[in-house]
Amino acid sequence: MSTSSSSLPGGTWPLGELAMTRVGYGAMQLAGPGVMGPPADVDAAIETLRGVVELGITHIDTADAYGPRITNELIRTALHPYPKSLHIVTKVGARRDEHGGWPPARGQEDVRRAVQDNLETLGLDVLDVVNLRLGDATGPQDGSVAEPFETLVELQQRGLIRHVGVSNATAEQVAEARSIAPIVCVQNMYNLAHRQDDELIDELAAAGIAYVPFFPLGGFSPLQSSALSAVADRLGSTPMSVGLAWLLQRSPNILLIPGTSSSTHLRENTFGAGLTLSDDDWAALDQIGRPAQ
Ligand SMILES: NC(=O)c1ccc[n+]([C@@H]2O[C@H](COP(=O)([O-])OP(=O)(O)OC[C@H]3O[C@@H](n4cnc5c(N)ncnc54)[C@H](OP(=O)(O)O)[C@@H]3O)[C@@H](O)[C@H]2O)c1
């Protein structure tokens, strides 16, 4: 069954001239365990990706570091030549080591090579959006973004990238990047239980910049809270759907990229995000990530 983009929960948000459905899809879960190597079931991964487009979703988030290469190659196998409406957002700034770690790779040559690798594995001449991933696996770390971000902007000026953003960034790094060149999005960890970017989200909304939470469902440790389960039970829904609906209603600049390797979960997440939350639901959920008074 095909669904049109305009009928998806939350409608669309523009990244520059690109119309992104606010319900998107995060492709990281398609690679093998630990985001290394191929998935156990390649056909299922391809079916999930084709399901994304059939649902009318126009935003896929990926990185050449997933697999590495594997996730981008699956996207290419499943969807190339890409529909005009589909926009693939990728990232540079980390590589993979032999233990499956994510060491930073933000030297000028690393950034140039990573953009080239993403172009090749995705089979594109121009990347729609590239995020510079900062910090490390433990989260954002202070420090100037100037050298790697200026390198990314140089590649944008050469026509290899349409739009740029930053990821895993502090508010100061977002401000520094914005002082160098316009950004269209910030991709940071945020969900019902991790509200550290509340102020940043509001500031970006006022500036017309998208905020794209990674780990919207809790990532490798699924969101768990009795308040969340109580709201889900009351609505006859699931904690995952409630968590996504809360994000969609939290701010108009929030774009969802829930990750799943399952076509069933893909559909549940896409439509579940459209739940309407009452004021009482909202008040109960709002307490989850707030520090105790
Ligand atoms: N910028 C960064 O540094 C960064 C870091 C991490 C992730 N990301 C991006 O953010 C995206 C989202 O993050 P994520 O995938 O790590 O975490 P997530 O979306 O918070 O959660 C994914 C997990 O939830 C499960 N899940 C999804 N839908 C479900 C449902 N309806 N019912 C039950 N379980 C469900 C998935 O398992 P199943 O596969 O079994 O559904 C998977 O284990 C990634 O795909 C990636 O594109 C970016």
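Just to be sure I follow: if Rg is taken over the C-alpha atoms of the chain and Rh is the Kirkwood radius over the same atoms, what is Rg/Rh?
Values: Rg = 18.0 Å, Rh = 19.1 Å.
Here Rg/Rh amounts to 0.94.
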Quiz item: What residues qualify as long-range amide H neighbours of Gly218, i.e. H under 5 Å apart, gap of 5 or more or another chain, H built at 1.01 Å from N?
Solution: Leu223
Practice problem: Could you pull out every residue, at least 5 positions away or on a different chain, whose amide H is within less than 5 Å of the one on His59? Hs are placed 1.01 Å off N in the peptide plane, and Pro or chain starts have none. | Solution: Thr21, Tyr25, His87
Quiz prompt | Sequence-separation-based contact order of the chain, relative, with Cα cut under 8 Å and 6+ spacing, percent | solution = 18
Exercise. Starting from the Cα-Cα distance between Ala205 and Ala171, subtract it from 0.36 nm times their residue separation and give me the gain in nm to one decimal.
Key: 10.9 nm
Self-check item: Whole-number percent relative contact order across segment 90-223, with pairs defined as alpha carbons under 8 Å at least 6 apart
Solution: 19
Self-check item: Selected from Asp61, Asp41, Asp279 as most flexible by GNM, with the chain as the system and alpha-carbon contacts under 10 Å
Solution: Asp279
Quiz item: For segment 64-180, what is the percent of antiparallel DSSP beta bridges, rounded to the nearest 5?
Solution: 15
Exercise. Only helical DSSP H runs with n ≥ 4 go in: add -39500 (n - 2.57) per run for the chain, normalise by residue count and round the 222 nm mean residue ellipticity to 500 deg cm²/dmol.
Key: -11500 deg cm²/dmol
Quiz item: So how do Lys91, Lys84 line up by other beta-carbon neighbours within 10 Å, fewest first?
Solution: Lys84, Lys91
Quiz item: What distance in nm separates the simple spin-label points at Asp198 and Gln224, each placed 7 Å from Cα in the Cβ direction?
Solution: 2.5
Practice problem: Please state the charge dipole magnitude for the chain, taken about the Cα centre, from unit charges on C-beta atoms (+1 on K and R, -1 on D and E), reported in debye and rounded to the nearest 20. | Solution: 420
Quiz item: Which whole-number percentage describes the relative contact order of segment 150-200, with Cα contacts under 8 Å and a sequence gap of 6 or more?
Solution: 33
Practice problem: Quick one: work out the % antiparallel among DSSP beta bridges in the chain, nearest 5. | Solution: 20
Exercise. Name the long-range amide H neighbours of Gln187: under 5 Å, sequence gap of 5 or more, or other chain; modelled H, no Pro or chain starts.
Key: Val166, Ser167, Asn168, Val212
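Each reported figure results from applying straightforward, stated rules to the coordinates on display, with no laboratory input. Because the structure is predicted, anything quoted here is derived from the model rather than measured. Here Cβ is always computed from backbone atoms with ideal geometry, including for glycine, and neighbour counts include all displayed protein chains.
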